1. Filter the stretch 185-204 down to residues that are touching a residue at least 60 places away in the same chain (Cβ under 8 Å) and either under 17 Å from Phe126 (Cα atoms) or among the aliphatic types (A, V, I, L, M) (or both), then give me how many there are.
2. Looking at Leu135, is it part of a helix (DSSP H, G or I) and without any contact (Cβ under 8 Å) to a residue 12 or more places away in the chain?
3. Filter the stretch 111-130 for residues that are under 17 Å from Ile168 (Cα atoms) and surrounded by fewer than 20 Cβ atoms within 10 Å (Cβ to Cβ) and give the result.
4. Taking the options Val264, Val207, name whichever one is touching a residue at least 40 places away in the same chain (Cβ under 8 Å) and β-branched (Val, Ile, Thr).
5. What do you reckon, is Phe194 surrounded by fewer than 20 Cβ atoms within 10 Å (Cβ to Cβ), at pLDDT 95 or above and closer than 20 Å to Tyr162 by Cα?
6. Is at least one residue of the stretch 121-129 in contact (Cβ under 8 Å) with a residue 40 or more places away in the chain, acidic (Asp, Glu) and closer than 20 Å to Met179 by Cβ?
7. Could you count how many residues in the stretch 194-221 are small (Gly, Ala, Ser) and touching a Gly at 6+ places or on another chain (Cβ under 7 Å)?
8. Please specify each residue of the stretch 258-275 satisfying the condition of being surrounded by 14 or more Cβ atoms within 10 Å (Cβ to Cβ) and either in contact with a Phe, Trp or Tyr (Cβ under 6 Å, 6 or more places away or on another chain) or farther than 22 Å from His132 by Cα (or both).
Amino acid sequence: MEKYLEVFIDSFLGTIDWTWKSIIFNVPWYTNYFWGLIAISLFVWILEIALPWRKEQSIFRRDFWLDGFYMFFNFFIFAIIISGVYEILGLLFADINITAKSLAFFDISHWALWMQLLVFFIILDFVQWFTHVLLHKYPFFWKFHKVHHSVKEMGFAAHLRYHWMENIFYKPLKTFGVMIIGGFEPEQAYIIHFITIAIGHFNHANVKITWGPLKYVFNNPVMHLYHHASALPEGKKGVNYGISLSLWDYIFKTNYIPEDSGNVEIGFKGDDKFPSDFISQNTYGFKKNQD
């Protein structure tokens, strides 16, 4: 028990230290997710201001500051809180001789770096797409995912407005995705992480970008707006589940873009009764009789 407590404390304090060093620019710039997130957010926000898709939407749209808080909470504060737990789980598996490499389906460590990064990106994106489908399909998961869909005006910061339990749901399957490719992240995986942050911000932004023919490969704001639409096709619990790639939706026939005016009511049935503050939204899913 003492060993696990020590691992928890070391990881917790280490994550705090790394976050602080990021804030004061004392880490390599290419791994500085704190200022990287801010830079990407400002860039996409400026695009929203300069080229708004829904021109009637305010620059400081509804829940702008709440979503801004969610960004930093989910990306940094919760990461600090949960970091020690993940380290303990890794240690527990190691103690019974189960490691990421021991479960690998194939090893990409000897491949060219660009191939490593491409495979890493594709596999992790598919895992997240699959997890996203589960969040809509099963009521227990949907209770928590409702936080993300409670957004009533779309903007870049809505990207990271989600219940902290989603980290719990996504992490095991993302870890499994890493196991598949040899149990490690490529050395330059930070490139992929920054790309996915940027794509996620664009997908939720008040800008009309479709990427031309690449819309069949990459997710975009037009496609993702319909993921948030309150009126879904009959019999569907969700559409356009793509995270970074739209590819999976076209392959599995979950794509849906009836038009591209941007005048779409978003949310879900009964969202007028959904809590509007951070604390209530994050306790909502744990209450009984919530569907």
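The values are calculated or read from the model by the stated rules, or taken from the named source; none is laboratory data. The structure displayed is predicted, hence computed values, not measured ones. A quick note on method: Cβ atoms are made from the backbone with ideal geometry, for glycine too, and the neighbour counts reach across all protein chains shown.
1. So the count comes out to 9.
2. no
3. Listed by number, the list holds a single entry, Phe130.
4. Checking each option against the conditions leaves just Val207.
5. The answer is yes for Phe194.
6. yes
7. So the count comes out to 1.
8. Matches in the stretch 258-275: Asp260, Gly262, Pro275.
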